[in-house]
Ligand SMILES: Nc1ncnc2c1ncn2[C@@H]1O[C@H](COP(=O)(O)OP(=O)(O)O)[C@@H](O)[C@H]1O
Ligand SMILES: [Mg+2]
């Protein structure tokens with residue numbers, strides 16, 4: 001389900017009870033301010049217990065963008081939504097490590113699927129509004145569906 | 001060998017575009033993905049500093065050749081307020097603006113060579129090279 005946003009370059013959707021925010025642009029002040037507003041409003045509307053920040057579309061994340069992301073993640077957790085950062089490219093990670101930013105306490109997953117897996121135990125919604133599919137059951141998803149998962 | 005590329009930094013849009021231009025430039029020369037993104041992140045930090053502290057300036061990207069082969073040189077120049085204490089500015093977490101203070105020291109770590117020249121009241125010049 002697509003969620004309304006006013007933020008250019010940031011797409012938000014509600015998927016498996018989790019708000020997924022895909023950031024496709026570099027975060028300047030203006031984008032950040034709108035993104036913050038949008039996200040807080042969407043979290044309140046949906047009562048979502050998890051939020052995934054997909055940064056696979058970001059070419060670079062410099063020290064200040066990283067700090068801004070962390071602040072937004074903290075805000076999300078204060079709204080009761082567990083934040084997970086997914087999709088950091090290897091080059092982005094290398095640059096961040098060299099920058100010396102603190103990554104402690106961050107929930108990170110390699111990609112969207114892994115991000116959902118991290119949140120699933122907390123965020124799985126009651127399946128009563130999902131008539132078309134039975135994938136939201138309690139059993140482990142069938143092998144091959146989520147790709148490579150750690151044993 | 002690629003021609004040099006000059007990026008004028010006057011606003012957020014320029015600062016946002018600079019790392020994209022840097023990535024493209026690095027890939028054109030033949031840099032792999034990860035070092036390209038490091039160069040681009042360094043450019044992002046320098047563009048941000050120009051905007052924040054000097055309002056405007058320029059970043060030039062050049063291809064250089066050394067004993068280790070090809071490299072990219074970034075030169076960021078502005079005629080802003082300059083830096084009173086460059087040694088302090090190079091320390092992790094030193095910031096005169098309440099941000100992280102990891103920009104300049106981060107650029108130094110991301111790149112192979114680094115120099116900072118600054119004269120208070122006249123401006124700042126940062127040069128950094130990354131070898132392929
Ligand atoms: N182009 C510049 N002109 C003037 N001062 C600068 C410039 N770049 C950096 N500085 C000074 O050096 C300090 C450290 O810069 P940096 O490591 O990027 O951290 P931050 O930008 O987070 O403060 C800045 O706080 C500022 O005082
Ligand atoms: Mg800085």
### Query
Roughly how crowded by other chains is peptide A:55-61, in terms of the mean Cβ count from those chains within 10 Å of each of its Cβ atoms?
4
### chain B - Debye-derived log10 I(q)/I(0), Cα point model, q = 0.10 Å⁻¹
-0.28
### Summary
Note on the stretch A:11-119: contact order normalised by length, alpha-carbon pairs under 8 Å, 6 or more apart, percent, works out to 27
### Query
Whole-Å semi-axes of the stretch B:2-67's equivalent ellipsoid, largest first, each the root of 5 times a Cα gyration tensor eigenvalue?
21, 12, 10
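D for the protein assembly as shown, whole µm²/s, Stokes-Einstein with Kirkwood Rh over alpha-carbon pairs at 37 °C and 0.692 mPa s: what number?
Details: Rh = 20.3 Å.
Translational diffusion coefficient: 162 µm²/s.
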### Task
Ignore the peptide's own chain and count Cβ atoms of other chains within 10 Å of each Cβ in B:103-114; give me the average, rounded.
3
### Message
Explain nothing, just the number: relative contact order of the stretch B:4-131, from Cα pairs under 8 Å at least 6 residues apart, as a whole percent.
### Response
25
### Query
By how many degrees, between 0 and 90 and to the nearest 10, does the Cα long axis of helix B:12-29 differ from the longest principal axis of chain B?
30
## Note on the structure
Cα-only Rg/Rh for the stretch A:11-119 with Kirkwood Rh rounds to 0.93
### Query
How many partner chain Cβ atoms sit within 10 Å of a residue's Cβ in peptide B:32-38, on average, as a whole number?
5
### Query
Where both partners of a DSSP beta bridge lie in the protein assembly as shown, what percent of those bridges are antiparallel, to the nearest 5?
75
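A short reminder: the numbers here are calculations on the coordinates, not readings from a lab. Quantities reported herein were computed from a predicted structural model and do not represent experimental measurements. Positions of Cβ are backbone-derived with ideal geometry, glycine not excepted, and every protein chain shown enters the neighbour counts.
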